[in-house]
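Engineer: Dumping the structure here so I can ask a few things about it.
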Amino acid sequence: MAWGVGAGDFQGALLQAAASIRDAGHDPRGALPDAISRCLGHDPTPPGEVLYFHATRLADPPTLLRRGLYPTAVVLDELWDFIGRLAEPEITTTQWRDVRRAMDSGTIGADLPYRHRLDHRSQQGPCAALVLDTVLHAERYPGTVDYLAGAEIVVDICDAVAAAYDLPLHRRYLDATRPCIVEIIMPGDASPSVLDTAAWYVEAAVLGQTTSEAHWGIDGAGNQLVDARIHRIWDVTSQESWESLISEARRGSSGRGDGISR
C-alpha cells in the first residue's frame, strides 16, 4: 500500500479525506492523495510501475502483442482494409474505396464524430484505464466508452455503412473479432493521477458505489505510449491469454519459442 499503513487505518483516513473534500466543495480530481496524507501525517511512496488495461477487439491478438499499440492515424488504413473485407460481397473493393472517400468528405456519416476524431489528434489514443472494472463493466461508470464493443472510429464506420447500405457491418465485426484486454506496464510517474484514481475507486467500493473518478488512466493523445510494455493480452470471453517473452523471462519461463504463451 502506498502509504504503508494497515487496511483499517487506511480506510479510516480515506473516508475522512474524501468527506473533507466533498464538504469543502472542492474539485475532487487530484485532491484525494494530499488529503489522505494529511490524515495519516505522511506522504505515500510512489509506485515504481503501474499496470493499465486497454480494452479493444482483436482478430489476431498475437499480432498486437508483437507490434504494440499505436494511435488511430497510424493504423487507420489497416482498419479500413479489415472492415472492407467484412463488407464483401455486398460492397466490392472498388466500392469500398468510394465509401471511405464519402466518409472522409462527410457525404455519409456526417452526423457521426468520425471526422472530428481524425481532425483532432487528442482523440486518437491509444488509451488505457487504471481500474480494470471500468473497462470490463463500462456501463457502471458514466461517461465511459465500452471499448469491448469496438474502437469508436470502427463503430463510426460500421454505423455509417449500416445507415447508407443497410448492411449489418457491426455485427460482422463483432463476429470476426474477440473482446480483449491488453495489459500495459508503464513507469509509475507516467500519469500523475494514479493514486488519485485508485483512491477514489477504493472509496466508492467501500461505500458499495461506483464513481466517475475511477475511469481515468493513461492517454497517448495521438502519440505512441512511450515506455509502454505489453505484459499480456487476454480474451474476456474465453480467458485465453497471450503473454510476452519479457513477462515469461521475468517469471523464469522457457516460453513457447514464438513469443506467445497461451
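Each reported figure results from applying straightforward, stated rules to the coordinates on display, with no laboratory input. Because the structure is predicted, anything quoted here is derived from the model rather than measured. Neighbour counts run over all protein chains shown; Cβ positions are idealised from the backbone, glycine included.
Engineer: For a label point 7 Å from the Cα of residue 23 along Cα→C-beta, name the residues of segment 182-215 whose backbone N is under 11 Å from it.
Structural biologist: none
Engineer: May I pose another question? Taking only DSSP H segments of four or more residues, each worth -39500 (n - 2.57), what value at 222 nm results for the chain once the sum is divided by all its residues, to the nearest 500 deg cm²/dmol?
Structural biologist: Mean residue ellipticity at 222 nm (helix-derived): -13000 deg cm²/dmol.
Engineer: Over segment 1-105, what lengths in whole Å, largest first, do the semi-axes of the equivalent ellipsoid take, defined as the square roots of 5 times the eigenvalues of the alpha-carbon gyration tensor?
Structural biologist: Result for segment 1-105: semi-axes of 51, 18, 11 Å.
Engineer: What Rg and what Dmax come out for the chain when only alpha-carbon atoms are used, in angstroms?
Structural biologist: My reading of the Cα-based Rg and Dmax gives 21.1, 67 Å.
Engineer: Could you give the Stokes-Einstein D for segment 146-248 in µm² per second, using the C-alpha Kirkwood radius, 10 °C, 1.306 mPa s?
Structural biologist: Values: Rh = 16.7 Å.
Using the Kirkwood radius from Cα pairs, D works out to 95 µm²/s.
Engineer: Obtain the nm distance between the two label points defined at residue 107 and residue 240 by a simple spin-label model: each point lies 7 Å from its Cα along the Cα-to-C-beta direction.
Structural biologist: In this crude label model, residue 107 to residue 240 measures out at 4.0 nm.
Engineer: Let me ask another. In angstroms, what radius of gyration and Dmax does segment 83-209 have, counting Cα atoms only?
Structural biologist: For segment 83-209, the Cα-based Rg and Dmax read 18.2, 56 Å.
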